[in-house]
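These notes concern the structure reproduced below.
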């Protein structure tokens, strides 16, 4: 199956699901499962060794949250992965909060911020600090926050992020560069 036909199948199943076909989501999952696991593994590789959340569990939690949502208006494969990225972010942050609460402030969950650092250095960032920084970024530039979610959490490339947001690739490149620099500065201050 080509990437184009897979994208068309995913888009068609999303439309069917939105129109009330309860089985469409079940038919959709096998088409996107491997890609969701790849994205989940990428996120979890950034975590400290011994992290208790596994890629399969993360994907299953995303699926459960998608099923729980009442007929989202997901328009395309790219939009689906954008929503999945946001759900993964929420799940990782919730997991980090529970872990921190269980250790009374210790056990901060760390992620590599390779792609966000302008120097592309390997550095670890607290998942909760990243979440707070993204919330702050969203308060004055929601589009930059969405670009980061799509690029960093969903692993979408520039073209896919542009499609998901309905903006030009040049705008995504500009927003991505500015958001990376802002996040790097914001997260470096707290390090």
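What follows is calculated from the coordinates using simple rules that are stated; it is not laboratory data. All of these numbers come straight from a predicted model, not from anything done at the bench. Here the Cβ is made from the backbone with ideal geometry for all residues, glycine too, and neighbour counts use every protein chain on show.
Give me the extension gain from residue 140 to residue 60: residue separation times 0.36 nm, minus the current Cα-Cα distance, reported in nm with one decimal.
25.5 nm
May I ask you to sort 180, 99 by Cβ crowding, counting other Cβ atoms within 10 Å and putting the fewest first?
The order, fewest Cβ neighbours first, is 99, 180.
Could you give the length gained on full extension between residue 38 and residue 189, defined as 0.36 nm per residue of separation minus the Cα-Cα distance, in nm?
51.2 nm
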